[in-house]
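A.B. asks: Mind having a look at this structure? Questions to follow.
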Amino acid sequence: MPDTPKKLKKNSIGTQLWGPAGAAIWSSPTIDTRRGLVYVATGNAYNDPAAESSDAVVALDLKTGKLRWAKQVTPRDTYVVGCGANAPSRDNCPDDMGPDFDFGNSPILRRLPNGRSIITLGQKSGVAWGLDPDKEGAVVWQHRVGKGSALGGIEWGSAADDQFGYFPVADLQFGPTEAGGLYALRLATGEEAWHWRPNCQATDRACAQANSAAISVIPGVVFSGATNGMLRAYATADGRVIWETNTAQEFPTVNGVPGKGGSINGPGPVIAGGMLFTNSGYAYIGFGQPGNVLLAYGSE
């Protein structure tokens, strides 16, 4: 946050409020050794006025930490949990509440076939972005894949290979026909290559699922888990589901502790040594099925 905080209003008990406040970083940084930079994606502001480094991709000097550039994509997004219309007190709340369109994704740096580079990532607004690291994060393309909200949109993490960026859609609160999905966009242009959507009817609440967990890609396959416990593997060429399993069930465990899966959310699956590892049982702020297992899958 480059701006020096200034005095704002006082609350009802006389406490001085200051602003702008910071913007959280809640994803892993990305190192660019070629340019000597580290990229981080930031969340919303917490007090008025919103700093220009909120809801942004920020480039810091890898050796000194000095701010090199910041590309904000959603200005004036000041949001505090508990400051909604039904808040018992608005003493410590911003005057104008923003949409809460954090970046929960890590910036993904990829080299294009023409030799140029692109940073791509998804936002809780439901928009996937392509930014130019050689032009201080200038927008190369943007593509909306979801409606977006405080719960995503695109929430925990996207992925990319040498052709496509892959973006999972949450949007659970919009109901069965809008929630969930996975999109593949061409890295160079942002054009859609394919998308997959769950086949849910408007009246089928049990079918509703959010693909809000981070996703993972290996050559030929992208893996995405959902809040209904389903874990799927998609062909990167066309989005065809080539494998799926329901993790929302009881499992025998290696340590004998009773185990049950539930929602998949937060961290994405890890693929290493011919194995796939995933959590199952992530319940959060009133959504999702609780559970307590770490699952390991191997090829037969």
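The values are calculated or read from the model by the stated rules, or taken from the named source; none is laboratory data. Bear in mind that the values here come from a model prediction, so they are computed numbers and not experimental data. Note that each Cβ is placed from the backbone with ideal geometry, even for glycine, and that neighbours are counted across all protein chains shown.
A.B. asks: Could you check, for the range 77-92, whether at least one of its residues is part of a loop (DSSP other than H, G, I, E, B), out of contact with any Cys (no Cβ under 9 Å at 6 or more places or on another chain), of a type in the set (Ser, Thr, Tyr) and at pLDDT 95 or above?
C.D. replies: Among the residues of the range 77-92, not one is part of a loop (DSSP other than H, G, I, E, B), out of contact with any Cys (no Cβ under 9 Å at 6 or more places or on another chain), of a type in the set (Ser, Thr, Tyr) and at pLDDT 95 or above, which makes the answer no.
A.B. asks: Quick one: count up the residues across the range 9-30 that are of a type in the set (Ser, Thr, Tyr) and surrounded by 15 or more Cβ atoms within 10 Å (Cβ to Cβ).
C.D. replies: Total meeting the criteria: 2.
A.B. asks: Going residue by residue through the range 102-121, is there one that turns out to be hydroxyl-bearing (Ser, Thr, Tyr), touching a Leu at 6+ places or on another chain (Cβ under 9 Å) and assigned to a loop (DSSP other than H, G, I, E, B)?
C.D. replies: yes
A.B. asks: Testing GLN123 on (1) surrounded by 16 or more Cβ atoms within 10 Å (Cβ to Cβ); (2) polar (S, T, N, Q); (3) in the same structural domain as GLY19 (by TED's automatic domain parsing), one condition comes back false. Which one is that?
C.D. replies: (3)
A.B. asks: Next up: Check LYS6 against each of (1) more than 23 Å from ILE119 (Cβ to Cβ); (2) surrounded by 17 or more Cβ atoms within 10 Å (Cβ to Cβ); (3) of a type in the set (D, E, K, R) and name the one condition it does not meet.
C.D. replies: Here LYS6 clears every test but (2).
A.B. asks: Here's a follow-up. Taking TYR46 as meeting all but one of (1) among the aromatic types (Phe, Trp, Tyr); (2) touching a residue at least 60 places away in the same chain (Cβ under 8 Å); (3) under 14 Å from ALA21 (Cβ atoms), write down the number of the exception.
C.D. replies: Exception for TYR46: condition (2).
A.B. asks: Checking the structure you have, find out if any residue of the range 10-27 is among the small types (Gly, Ala, Ser), under 21 Å from ASP132 (Cβ atoms) and in contact (Cβ under 8 Å) with a residue 12 or more places away in the chain.
C.D. replies: yes
A.B. asks: For the range 69-101, what are the residues that are among the basic types (Lys, Arg) and crowded, with 19+ Cβ neighbours inside 10 Å?
C.D. replies: Scanning the range 69-101 gives a single hit, LYS71.
A.B. asks: Determine which single condition THR33 fails, assuming it passes every other condition in (1) closer than 26 Å to ILE118 by Cα; (2) buried (at least 20 other Cβ atoms within 10 Å of the Cβ); (3) of a type in the set (Ser, Thr, Tyr).
C.D. replies: (2)
A.B. asks: Identify, please: which residue in the range 199-224 is loosely packed, with under 14 Cβ neighbours inside 10 Å and modelled with pLDDT of 95 or more and is, among those, nearest to ALA272 (Cα to Cα)?
C.D. replies: The qualifying residue nearest to ALA272 (Cα to Cα) is PRO219.
A.B. asks: Continuing with this model, one more query. Any residue at all in the range 225-234 that is surrounded by fewer than 14 Cβ atoms within 10 Å (Cβ to Cβ), in a loop (DSSP other than H, G, I, E, B) and in the same structural domain as PRO168 (by TED's automatic domain parsing)?
C.D. replies: no
A.B. asks: While we're looking at this one, here's another question. Is it the case, given these coordinates, that ALA188 is of a type outside the set (Lys, Arg), surrounded by fewer than 19 Cβ atoms within 10 Å (Cβ to Cβ), touching a Lys or Arg at 6+ places or on another chain (Cβ under 9 Å) and touching a residue at least 12 places away in the same chain (Cβ under 8 Å)?
C.D. replies: yes
A.B. asks: Okay, next question. For residues in the range 1-26 being of a type in the set (Gly, Ala, Ser) and assigned to a loop (DSSP other than H, G, I, E, B), which is farthest from LEU67 (Cα to Cα)?
C.D. replies: Per the criteria, the residue is SER12.
A.B. asks: Please determine whether any residue of the range 191-208 is under 25 Å from THR120 (Cα atoms) and hydroxyl-bearing (Ser, Thr, Tyr).
C.D. replies: Among the residues of the range 191-208, not one is under 25 Å from THR120 (Cα atoms) and hydroxyl-bearing (Ser, Thr, Tyr), which makes the answer no.
A.B. asks: A further question on this structure: Which of the strands (runs of 3 or more DSSP E) contained wholly in the range 28-76 include at least 2 residues that are among the hydroxyl-bearing types (Ser, Thr, Tyr) and either under 17 Å from PRO2 (Cβ atoms) or touching a Pro at 6+ places or on another chain (Cβ under 8 Å) (or both)?
C.D. replies: none
A.B. asks: Could you check the range 193-211 and list, in sequence order, the residues that are more than 19 Å from the chain's Cα centre (by Cα) and not in a loop (DSSP other than H, G, I, E, B)?
C.D. replies: Within the range 193-211, ALA193, TRP194, ARG205, ALA206, CYS207 meet the criteria.
A.B. asks: Another question about this same structure. Against the definition (crowded, with 19+ Cβ neighbours inside 10 Å, without any contact (Cβ under 8 Å) to a residue 60 or more places away in the chain and of a type in the set (Phe, Trp, Tyr)), how does TRP196 come out, yes or no?
C.D. replies: Against the criterion (crowded, with 19+ Cβ neighbours inside 10 Å, without any contact (Cβ under 8 Å) to a residue 60 or more places away in the chain and of a type in the set (Phe, Trp, Tyr)), TRP196 qualifies.
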